[in-house]
2 protein chains.
Amino acid sequence: MDRNSSIGVFDSGIGGLTVMKEIAALMPDESLVYLGDTARVPYGTRSADTVKRYSFECARFLIQHNIKLLVIACNTASAVSLEDIRSSLDIPVIGVIEPGARAAVRSAANRRVGVIGTEATINSGAYVKAIKAIDSSVEVDGFACPLFVPLVEEGLTEGDIPYLAAKKYLGAMSEKGIDALVLGCTHYPLLKSVIAEVLPDVTLIDSAVETARAVKESLQADSMLNSGESQRQVRYFVTDSPERFVAVGERFLGKKIIDISKVEL
Amino acid sequence: MDRNSSIGVFDSGIGGLTVMKEIAALMPDESLVYLGDTARVPYGTRSADTVKRYSFECARFLIQHNIKLLVIACNTASAVSLEDIRSSLDIPVIGVIEPGARAAVRSAANRRVGVIGTEATINSGAYVKAIKAIDSSVEVDGFACPLFVPLVEEGLTEGDIPYLAAKKYLGAMSEKGIDALVLGCTHYPLLKSVIAEVLPDVTLIDSAVETARAVKESLQADSMLNSGESQRQVRYFVTDSPERFVAVGERFLGKKIIDISKVEL
């Protein structure tokens, strides 16, 4: 393992591709290996023990690919297993919650932050905990938006239906005087323009962008950024239905998915 | 086991409650026991072998409750495991596909039937096969409506958002000249009024209603309808999250869910 090794990224399914996209945009020389545990998605409805076991299996798979840094691009897995995985590996491990929480605190001049995510993420309180750990004076309102993931997976990211759904979920938020809203689900960056229409005066925090920045900072600090001399490789692995992953995933990535294989963990 | 034993109903989750509701409405004297395999929902994305194994575990659990008839109130489980379960049990076993298919053929004067369901149900071709087996001259158009389940689980069954979603999915169907549309997913009866607005001239086939009728016919034929003399019992079992099952399920059922327990299969 050296500076030209790959960055490993895993998610319970397809959503982590928004993180993958931002990492590739920010660090175009890096080789990447992505694992989507599509056979066992969603993690959000499983018990913490089960999510930990699945997360460790994903991490172990990526470690076998000789990665230099691991990204847990899944909110549930980040909330439940980041600490355990971090302490069991000797490479840097970055989740999606901390970077979003840090950016939210930075952007919230009035100390009021909103967080949206799946029911599981909001109920876990992981963002509230992460934000309060950085600055306990910040008030945090969490709100679940269960329709957003199916809308994004259906490709319905603009037009009447997503706009009305965003209005239904976020209409009340505009009266709460929040400065910043964390898009606390890897699917939500695809709804950014619709959300901005409903909340024009609120800074939207894209966890995918913030996570990519955290990855770059970590590699930079360790002098582990790719030297740019070797041939870049991007590989995808899924545990079920590569066809569906490619069909839906290319919308997330804005790029073709070429090198993809189905694996068992 | 006798005529005053319970009817057993299982589903991968919550949707089968629409079938439960129609059975209770049609046969108010019957005792009922419902199992929702909420820890392993959805079945639609799992392999056929896995769905068969889960279905047998559900059936076995209900058999231990001394049931006189088993209803597989799940489209995926009906498509994949009805025949195997039927041949392994000595009580009648009724799925949700055959009754809907029969009613559709009866209602389709112009021999054109539409079927809507989840991606898994539509891709399985189970309704096409069942309808063609009854009358091979009927033309069948299947169409997946992936947003309908999350809309129903969110309680969004009327208003702009479900109407626009129904129009998006079914708008093109109105030009195909279908006579009857099978609501081939146990969640969809809750969207009946919105679907009827989009397709006012089409007969909507409610699989839940048709399945309840098939249950009554079977019990009648076997002289196994409840005598009406014993105290009626309605019990619910789930494999995870009874709270969520109660919160969402009461909308499906239009009634309180009282006697509920979490079990392991």
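Values for this structure:
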| read-out | value |
| --- | --- |
| Residue count for the range A:93-106, restricted to those that are basic (Lys, Arg) and either without any contact (Cβ under 8 Å) to a residue 24 or more places away in the chain or in a loop (DSSP other than H, G, I, E, B) (or both) | 1 |
| Options A:167, A:176; residue that is more than 21 Å from the chain's Cα centre (by Cα) and within 14 Å of chain B (Cβ to nearest Cβ) | A:167 |
| Filter result (assigned to a helix (DSSP H, G or I) and more than 7 Å from chain B (Cβ to nearest Cβ)) within the range A:154-164 | A:162, A:163 |
| Subset of the range A:25-42 (residues that are under 18 Å from the mean Cα position of the chain (by Cα) and within 14 Å of another protein chain (Cβ to nearest Cβ)) | A:36, A:37, A:38, A:40, A:41, A:42 |
| Any hit, the range B:128-145, residues being at pLDDT below 95 and among the acidic types (Asp, Glu) | yes |
| Residue within the range A:183-194 that is without any contact (Cβ under 8 Å) to a residue 60 or more places away in the chain, more than 9 Å from the chain's Cα centre (by Cα) and crowded, with 20+ Cβ neighbours inside 10 Å present | yes |
| Residues satisfying the stated conditions in the range B:123-162, i.e. over 18 Å from residue B:15 (Cα atoms), more than 20 Å from the chain's Cα centre (by Cα) and either buried (at least 18 other Cβ atoms within 10 Å of the Cβ) or β-branched (Val, Ile, Thr) (or both) | B:138, B:161 |
| Matching residues in the range A:1-18 - criterion: being farther than 20 Å from residue A:243 by Cα and in contact with a strand residue (DSSP E or B) (Cβ under 8 Å, 6 or more places away or on another chain) | A:6, A:7, A:8 |
| Number of positions in the range A:107-132 that are in contact (Cβ under 8 Å) with a residue 12 or more places away in the chain and either among the small types (Gly, Ala, Ser) or assigned to a helix (DSSP H, G or I) (or both) | 17 |
| Answer residue from the range A:235-259, given it is assigned to a loop (DSSP other than H, G, I, E, B) and free of Cβ contacts under 8 Å to residues at least 60 places away in the same chain and is nearest to the other protein chains (Cβ to nearest Cβ) among those | A:257 |
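The values are calculated or read from the model by the stated rules, or taken from the named source; none is laboratory data. This structure is a prediction, so every number in the text was calculated from the model and none was measured. Cβ: placed from backbone, ideal geometry, glycine included. Neighbour counts: every protein chain shown.
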